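The values are calculated or read from the model by the stated rules, or taken from the named source; none is laboratory data. Owing to the predicted nature of the structure, the values given are computational and were not obtained by experimental measurement. Note that we place each Cβ from the backbone using ideal geometry, even for glycine, and neighbour counts take in every protein chain shown. What goes into the accessible areas is simple: the full protein's heavy atoms, side chains included, and nothing from ligands, DNA or RNA. Shrake-Rupley method; radii C 1.70, N 1.55, O 1.52, S 1.80 Å.
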Amino acid sequence: CVSALSKMNRPDDAFQMVHAIGQFYRTALSSGKNLISLRTEVENIESYIQIQKMRYRDKIIFQIEFDEAIMDVPIVKLTLQPIVENAIYHGVKNVPHQGKISVCGAGNGADVVIRISDNGAGMSAERAEEILSEEEKSREQSFGLYSIRQRLRLYFGEEAGISIQSKPGEGTEGIGTIPGQGKAGHNEISTDR
């Protein structure tokens, strides 16, 4: 994309994309930390979405909305980006209508709940269950989600993780839960890990 923008004599757009790529990788590396603040993770998603907007333009609309009260909660880095990527490539990329991807987060009592939804192709309930199963972890499409679920459980316990709600032709919603980190039960977990 950067090469194409340069050849089309659009240096400002090429600069913006290179800047977004730099920001994305800076957060992805995070000085070797495994846990980062949700604020930093959301900034990473914003950089990733900026790159995708340059590629897809009006084909996909993105919406991000997080409650300020949860923005300092720790999260395992690169939790949200693979889910957004799946929403693009397996959800809305090839549908005939304009795609919409929404990324929202809020406290729910002592928990933090993050929802990533799309209006794309969707899938059966059986397929959604298979994607998160251990048997499916070796497949490229599902390994990312299985890995995210396992990493969340490693840091936040068995109640943490991801679930998928979907119907063919009606889109998909991925729901991530971080227990005990909401306003009512926020525990200080060092993001230096």
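Computed quantities for the displayed model
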read-out	value
Selected residue (only one of E136, E140 is at pLDDT below 90 and in contact with an Asp or Glu (Cβ under 7 Å, 6 or more places away or on another chain))	E136
Any hit, the stretch 32-48, residues being over 24 Å from Y146 (Cα atoms), of a type in the set (S, T, N, Q) and open to solvent by 40 Å² or more (accessible area, probe 1.4 Å)	no
Count - residues of the stretch 154-182 that are surrounded by fewer than 15 Cβ atoms within 10 Å (Cβ to Cβ) and in a helix (DSSP H, G or I)	1
Those residues of the stretch 97-115 which are touching a strand residue (DSSP E or B) at 6+ places or on another chain (Cβ under 9 Å) and of a type in the set (A, V, I, L, M), in sequence order	I101, V103, A106, V112, V113, I114
Verdict on Q23 being without any contact (Cβ under 8 Å) to a residue 60 or more places away in the chain, open to solvent by 20 Å² or more (accessible area, probe 1.4 Å) and over 15 Å from the mean Cα position of the chain (by Cα)	yes
Residues of the stretch 83-101 that turn out to be in contact (Cβ under 8 Å) with a residue 40 or more places away in the chain and surrounded by fewer than 17 Cβ atoms within 10 Å (Cβ to Cβ), as a count	2
Entirely in the stretch 1-78, the helices (runs of 4 or more DSSP H) that have 3 or more residues that are small (G, A, S) and over 30 Å from G157 (Cβ atoms)	2-7, 11-29
